[in-house]
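Encoded as structure tokens, the structure appears first; notes follow it.
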Amino acid sequence: MPQDYDVIVIGAGTGGYVAAIRAAQLGLKTAVVEKQKALGGTCLLWGCIPTKALLEHAHALKIAQHAKDWGISLGQAAVTIDMTQVQARKDRVVTGLTKGVEFLFKKNKIDWIKGTARLTGNGGVDVFEGEQQTLRARREIIVATGSAPRGVPGIEIDHTRIITSDEAIGLREVPKTMVIMGSGAVGVEFASIFNRFGSDVTIVELLPRLVPVEDEAVSAELEKSFRKQGITSHTGAKVTGAKAGGDGVDVSVQLADGTTKNIRTDYLLVATGRGPVTTGLNAEGVGLQLEKGYISVDPLFRTNVPGISAVGDVITFGGPGHPQLAHVSSAEGIVTAERIAGQESRPINYDHVPGCTYCDPEIGSVGLTEAEARARGFDVRVGTFPFGVLGRAKMAQETDGFVKIVADKKYDELLGVHMIGPRSTELVAEATVALRLESTVEELIRTIHAHPTFAEAVGEAAHATHGAAIHT
Ligand SMILES: Cc1cc2nc3c(=O)[nH]c(=O)nc-3n(C[C@H](O)[C@H](O)[C@H](O)COP(=O)(O)OP(=O)(O)OC[C@H]3O[C@@H](n4cnc5c(N)ncnc54)[C@H](O)[C@@H]3O)c2cc1C
């Protein structure tokens, strides 16, 4: 006899585990099948949490390296980083959080079934490679099987010298040199981590600018700041070959001017994106419509097969650009659980999804870039305020960057806010609420920002959009 549940979730990443908790809160008997030894998926085990833990170490090292500026004496001792301790602390943070999810499962009476799930049709799920059993979902199955690092044709990832983010988070040495292929969020975060730890970092980006999804002004500022910090960026450039051998990798790069540069490096980190995980799921066997391996869903995350929904990194709406972000997967999980429970649910507005990149300096953005707003036909006006003149930023000695506001001239509607600089990944929350509430720039101007704070830069950028910044 199969074990019956109202909802069966496959995958305990930020999409799956949040969907399960919400379903259980709404009174649905819920099970989660997860094949890893710990809950939390990519975000907790290999993604957001380990990388940001390493970035906190990088930040601590930066303060220690500039101890003199802060009037702190460290004597004659050289400031160094101990990777064994770094890794141990990072692992403690990860373990604490995965145990936290386990606790939440117990609290909400969610069964964690340890194993790999396979869809069998009509609400059925077989669990193999673990606690083998047959399950049946009375109401719905939610597929949240996520994503995994994607390689590049012609570059063989050996996971030792030619690595992905999965290996980079666990390095127990500071490489002398590292080449990073791809300058999306993952690439530039690792560039900041290892540059600060002492590696000589080179980024190779195929597109003409770093962080290509960001506003062009943000990309230019990051490139400038990285140059100052000693990170080399080759944009419009392509890795044409990589051969691991001995203690390193020989990398061939075709530069933007067509010449070839050969680089011998300790590690090549391939950070060119992630692809969907559906292996072993029998997705096609039960008739799920796939597009380039991603599961096709409608705006309420229903697949073409009644009784099966999908959320998170594994889904596509058909067009390009479903954001692979933890908070997006969680929001989708909540909408899906609420719909299954019979609550009113509405599609997510993906124009209002904040994106945060935790490189140094940090990037926070939400809404349309200036180029996107123009492409959609808005009569655009922009306002920018630099952190360099802000009291709080001067105190923190973090003066690179700016806040840029993109607005519609006709109705003064806020269309996008893009920032690079200190605390940008926090400051973007205010901008996200403003966009969600369809605020005007005038409303941001009239919002009183406490002094002295980094958030004043957002208020000042609003003033600048009306041509009247107070402090520039
Ligand atoms: C280095 C890195 C840094 C990142 N940093 C950030 C960040 O700062 N902020 C942010 O928002 N996002 C970040 N992300 C992205 C974020 O981690 C993902 O968007 C998010 O984890 C997606 O969640 P998910 O639930 O869709 O899938 P996943 O987290 O990938 O979870 C899927 C789960 O399903 C399980 N699974 C798969 N198939 C089966 C099966 N057949 N049976 C049972 N279990 C199965 C897997 O083991 C996995 O645990 C980062 C990603 C990386 C790689």
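The values are calculated or read from the model by the stated rules, or taken from the named source; none is laboratory data. In this text, all values refer to a predicted model and were calculated from it rather than measured experimentally. Here the Cβ is made from the backbone with ideal geometry for all residues, glycine too, and neighbour counts use every protein chain on show. Just the protein is used for accessible areas: all its heavy atoms, side chains included, with ligands, DNA and RNA removed. Shrake-Rupley method; radii C 1.70, N 1.55, O 1.52, S 1.80 Å.
Of all the criteria given as (1) over 22 Å from the mean Cα position of the chain (by Cα); (2) closer than 20 Å to residue 46 by Cβ; (3) in a helix (DSSP H, G or I), the one not satisfied by residue 90 is (1). Quick check on my filter: what residues within the range 1-50 are polar (S, T, N, Q) and touching a Ser or Thr at 6+ places or on another chain (Cβ under 8 Å)? If the condition is that a residue be polar (S, T, N, Q) and touching a Ser or Thr at 6+ places or on another chain (Cβ under 8 Å), then 3, 14, 42 are the ones that fit. Of all the listed residues (366, 406), the sole one being within 16 Å of the ligand (Cβ to nearest atom) and either surrounded by 24 or more Cβ atoms within 10 Å (Cβ to Cβ) or among the aromatic types (Phe, Trp, Tyr) (or both) is 366.
With respect to the conditions (1) assigned to a helix (DSSP H, G or I); (2) touching a helix residue (DSSP H, G or I) at 6+ places or on another chain (Cβ under 7 Å); (3) open to solvent by 70 Å² or more (accessible area, probe 1.4 Å), residue 74 falls short on a single one, namely (1). In the range 116-130, how many residues are within 12 Å of the ligand (Cβ to nearest atom), open to solvent by 20 Å² or more (accessible area, probe 1.4 Å) and under 13 Å from residue 8 (Cα atoms)? Residues that pass the stated criteria total 2.
You will find that of 91, 82, 126, 69, the residue that is of a type in the set (D, E, K, R) and modelled with pLDDT under 95 is 69 and no other. Looking only at residues of the range 7-20 that are in a helix (DSSP H, G or I) and touching a Phe, Trp or Tyr at 6+ places or on another chain (Cβ under 8 Å), we find that the one that is surrounded by the fewest Cβ atoms within 10 Å (Cβ to Cβ) is 17. State whether one or more residues within the range 321-330 are within 16 Å of the ligand (Cβ to nearest atom), more than 17 Å from residue 458 (Cβ to Cβ) and modelled with pLDDT under 95. Yes, the range 321-330 contains at least one residue that is within 16 Å of the ligand (Cβ to nearest atom), more than 17 Å from residue 458 (Cβ to Cβ) and modelled with pLDDT under 95. Looking only at the range 131-173, residues that are over 30 Å from residue 5 (Cβ atoms) and open to solvent by 50 Å² or more (accessible area, probe 1.4 Å) come to 10 in all. Quick one: is residue 218 β-branched (Val, Ile, Thr), in contact (Cβ under 8 Å) with a residue 24 or more places away in the chain and over 26 Å from residue 355 (Cβ atoms)? No: the conditions fail for residue 218.
Where strands (runs of 3 or more DSSP E) fall entirely within the range 258-318, those with at least 2 residues that are closer than 29 Å to residue 154 by Cα, open to solvent by less than 40 Å² (accessible area, probe 1.4 Å) and away from the ligand (no atom under 12 Å from the Cβ) are at 260-265, 267-270. Here the range 136-155 is the region considered, the condition is being modelled with pLDDT under 95 and part of a loop (DSSP other than H, G, I, E, B), and the residue that is farthest from residue 18 (Cα to Cα) is 154. In this structure, residue 443 does not qualify as closer than 23 Å to residue 348 by Cα, at pLDDT 95 or above and not in a loop (DSSP other than H, G, I, E, B). Among residues that are of a type in the set (Phe, Trp, Tyr), assigned to a loop (DSSP other than H, G, I, E, B) and at pLDDT 95 or above, residue 385 is not included. Scanning the range 376-394 turns up no residue that is open to solvent by less than 50 Å² (accessible area, probe 1.4 Å) and on the phi > 0 side of the Ramachandran plot.
The residue that is nearest to the chain's Cα centre (by Cα), among those in the range 161-179 that are farther than 20 Å from residue 57 by Cα and away from the ligand (no atom under 11 Å from the Cβ), is 163. Residues that are open to solvent by 10 Å² or more (accessible area, probe 1.4 Å) and within 11 Å of residue 109 (Cβ to Cβ) were ranked within the range 21-36; the one that is nearest to the chain's Cα centre (by Cα) is 21. Of the listed requirements (1) away from the ligand (no atom under 15 Å from the Cβ); (2) among the polar types (S, T, N, Q); (3) under 15 Å from the mean Cα position of the chain (by Cα), residue 345 misses just one: (3).
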